[in-house]
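The values are calculated or read from the model by the stated rules, or taken from the named source; none is laboratory data. Quick caveat, the model's predicted, so the values are computed rather than measured. For neighbour counting, all protein chains shown are included, and Cβ atoms are generated from backbone atoms with ideal geometry for every residue, glycine included.
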């Protein structure tokens, strides 16, 4: 999807990845993410209680999973929850820089070490384990 529901910042990110954007070199200000967090009372599935502390481990491999990770954070964000991003070592650096620039300032969002995690390999398990420590 690339409509207005993703917001102009997400569309810019989705189109910039093909052009080697220098996202990490630019400072990210509060205005860059202030329209995304928090979204009170908005949860993606019935029965989810925002009053129970939950940890979410999110694997990101490409721009599509990065945009999906953003949606997850937008839908489920609450200060009492923890989010752990693992950005695959084989994915473009811009993806890591974008997510870290957008969410790295939040104390409950963490970034696991970047490990290559091809489908069906030990790297998937290893990336999940390092994110939990």
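Among the conditions (1) outside any helix (DSSP H, G or I); (2) touching a strand residue (DSSP E or B) at 6+ places or on another chain (Cβ under 7 Å), residue 119 misses just one, which is (2).
Annotation: residue 127 fulfils all but one of (1) more than 12 Å from the chain's Cα centre (by Cα); (2) surrounded by fewer than 17 Cβ atoms within 10 Å (Cβ to Cβ); (3) closer than 23 Å to residue 53 by Cα; the unmet one is (2). With respect to the conditions (1) part of a helix (DSSP H, G or I); (2) at pLDDT 90 or above; (3) surrounded by fewer than 21 Cβ atoms within 10 Å (Cβ to Cβ), residue 107 falls short on a single one, namely (1).
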